[in-house]
Amino acid sequence: MTSDEAATEHSEDLNDPAQGAQGAQGPYDVDELPEDDALERVDLGSLLIAPFAGRELRLQVEEQTGEVRAVLLADEQGAVELRAFAAPRGGDLWGEIRPQIAADTSRRGGTATEREGRFGTELLCEVGVVLPDGTQATQLSRVVGINGPRWLLRATFLGAPAQDQGAAGPWDDAVAQTVVRRGNHAMPVGEQLELRLPEGVQQVEG
């Protein structure tokens, strides 16, 4: 939804009643998950995604390489796209890239406004788009960055969770229940952490 890459989508129904409670302290590093956490998560490599009632898990896969580029939780009202990136230990990568996202939005003729949210400073981005029928519209997105131990989790909300603060709570809960697996290998700062298809799921060539 927010990716510029040519991608196909794999989807999996996560219609499970288990949800994170409002006020959860996540997202979590895989080595710092609370001992009493009993949620069964879908293992996507660098991201482990908890069930989210009524939403579907989708994977954006780059057609040319077969690489999974993003994870989305979506329903008919909106979506959140999740990506994780390598970050310096103890650094503030979100503070560094937030102005870059705002500048890129401005170059595309849009606006980006900072505000404080559940996870700290976030961006509200508005960009003009052309709909399939040729009419002009404005796409609103809410971009959140959470600094972890040597990783950054970036969540981009579209639709209702970006437009309506009252509807955002359960979507924020889903982000809070996400687990990041950084790994111990060296990586350049800002490089996206590897995602993979769930075990037993294979890409189908079109």
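What follows is calculated from the coordinates using simple rules that are stated; it is not laboratory data. Every value quoted in this text rests on a predicted model; they were computed, and no experiment measured them. Neighbour counts run over all protein chains shown; Cβ positions are idealised from the backbone, glycine included.
Give the residue list of GluC sites (Glu not before Pro) in the stretch 110-206 that are DSSP loop and have at most 12 other beta-carbon atoms within 10 angstrom.
GLU191, GLU199, GLU205
If R0 is 22 Å, what FRET efficiency do you get for VAL129 and ALA160 from their C-beta distance, rounded to 0.05? Each step should come with its number before you reach the end.
Working: r = 17 Å, r/R0 = 0.78.
The calculated FRET efficiency here is 0.80.
Say the dipole of the stretch 7-180 comes from +1 at the beta carbon of Lys and Arg and -1 at that of Asp and Glu; which of SER106, GLY26, GLY95 then lies farthest toward its positive end?
SER106
Using a simple spin-label model with points 7 Å from Cα along the Cα→Cβ vector, what separation in nm is obtained for GLN64 and LEU33?
It works out to 3.5 nm between the two label points.
Tell me the net charge near LEU33. Cut-off is 12 Å between Cβ atoms, LEU33 excluded, with +1 for each Lys or Arg and -1 for each Asp or Glu.
Once all neighbours under 12 Å are counted, the net charge is -4.
If you take the beta carbon distance between GLU116 and GLN25 as r and set R0 to 22 Å, what does 1/(1 + (r/R0)^6) give as a FRET efficiency, to the nearest 0.05?
Efficiency, rounded to the nearest 0.05: 0.80.
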